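Notes follow once the structure below has been shown.
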Amino acid sequence: MRTKRHPIVEEDLRRIVASPLPWERFFGKTVLITGANGFVPAYMLETLIHLNDTSDAGIHVVAMVRNREKAMRRLGEFEGRRDLTVHVQDVRDAYSGPTAVNFVVHAASQASPKFFGVDPVGTFEANVIGTQHLLQLAHASESEGFLFFSSGEVYGQPADCSTVKESDYGYLDPLNVRSCYAEGKRAGETLCACWHAQFGVPAKIVRLSHTYGPGMELNDGRVFADFVANIVAGQDIVLKSDGSATRPFCYLADATEAHFRVLLTGKAGEAYNLGSGMQCSVLELAEMLCRQFPEQGCKVVRQARSAGDAYVPSAVQGFELDLGKIHALGWKATTSIEEGFRRTVESYR
């Protein structure tokens, strides 16, 4: 049963699987993806299903989700497929799904800052307790690949706030509630390093920058999602800051190809920065979107955050990720910010 997709998504998936990677390592195997209905990991799931549709790959995907009803809003189009099992459980609980797992992708985590202030415990524990459970599973299953989704936020505030390599770290206040995310990711990374060193689990880590593209939640709370939501709804773009903060943006299809490249060819026990090498300020992004869709007649308007807004802003004003390590694996982003956001907006139409 071949799944019908939006043309933008179909183009993205064709481009991802055209990448010269040893895709055959997945053939006939079982791949567990946690947080599988999440914006970023869902594209990995779709890529594997696309391989089944086009290559008779015989891949079985176990999609771990916390809430079935919510997950089906993203994965419902795949319901009834024999190559997909939806397993419902909280990643913080001891794993209770299929145990013969060849690859594990751990992406279950609240990533939106709107959750950091209202559920810091859940945010932290998914990256620590959840990672521990999954590393135990990978060890018991003798899995041949484990990928942990981390974040550039593990760097905190680098001293010179410029280009940051995987070995560079800056100040991060562990008593700041917003650190639940960054400190959770740091601890999850350390667990990956420990299980690799002590038990040989082939754990690899990707540190994501700001990833955007088709399928992202438009009420996510992050500014780039808000901006796309404004354009899709034909509204003015609302800016709730001075817009000076810069962010490295990476289009989802580029990021997904990188995830598979690290999982299949990266070095176990190590982390890889993942970004496009392209960045712009929040204000520049807002102005660019208005220019790209002149028929909307939108403009950028400034508005203070409401008293009840749960969003917890980062104190980090932005830095550039050094991408030399992931480039050495043969990966490089090819989608410009302008093209990527154009494709993103069109994917909602």
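The values are calculated or read from the model by the stated rules, or taken from the named source; none is laboratory data. Only a predicted model underlies this, so the values are computations on that prediction, with no experimental measurement involved. Quick reminder, even Gly has a Cβ in these numbers, built from the backbone with ideal geometry, and neighbours come from all protein chains shown.
The table below lists the values:
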| quantity | calculated |
| --- | --- |
| Evaluation of Ala268 against (1) crowded, with 19+ Cβ neighbours inside 10 Å; (2) in a loop (DSSP other than H, G, I, E, B); (3) of a type in the set (A, V, I, L, M, F, W, C) (one fails), failing number | (1) |
| Residue in region 39-65 that is farthest from the chain's Cα centre (by Cα), counting only those that are modelled with pLDDT of 95 or more, not in a helix (DSSP H, G or I) and not hydrophobic (A, V, I, L, M, F, W, C) | Gly58 |
| Some residue of region 221-234 being farther than 30 Å from Lys299 by Cβ and assigned to a loop (DSSP other than H, G, I, E, B) | no |
| Residue count for region 94-120, restricted to those that are aliphatic (A, V, I, L, M), in a loop (DSSP other than H, G, I, E, B) and under 29 Å from Ala225 (Cβ atoms) | 4 |
| Set Val91, Val154: member being assigned to a helix (DSSP H, G or I) and crowded, with 21+ Cβ neighbours inside 10 Å | Val154 |
| Test: Glu69 is surrounded by fewer than 22 Cβ atoms within 10 Å (Cβ to Cβ), in contact (Cβ under 8 Å) with a residue 60 or more places away in the chain and more than 19 Å from the chain's Cα centre (by Cα) | no |
| Output for region 158-180, where each listed residue is of a type in the set (A, V, I, L, M, F, W, C) and loosely packed, with under 14 Cβ neighbours inside 10 Å | Ala159, Leu175 |
| Test for Pro202: is it in contact with a helix residue (DSSP H, G or I) (Cβ under 9 Å, 6 or more places away or on another chain), within 30 Å of Glu46 (Cβ to Cβ), buried (at least 22 other Cβ atoms within 10 Å of the Cβ) and at pLDDT 95 or above | no |
| When residues of region 1-46 are limited to those that are buried (at least 18 other Cβ atoms within 10 Å of the Cβ) and of a type in the set (Gly, Ala, Ser), the one farthest from Thr85 (Cα to Cα) | Gly38 |
| Number of positions in region 181-199 that are buried (at least 22 other Cβ atoms within 10 Å of the Cβ) and small (Gly, Ala, Ser) | 3 |
| Residue match in region 11-25 (condition: among the hydroxyl-bearing types (Ser, Thr, Tyr) and within 25 Å of Val201 (Cα to Cα)) | no |
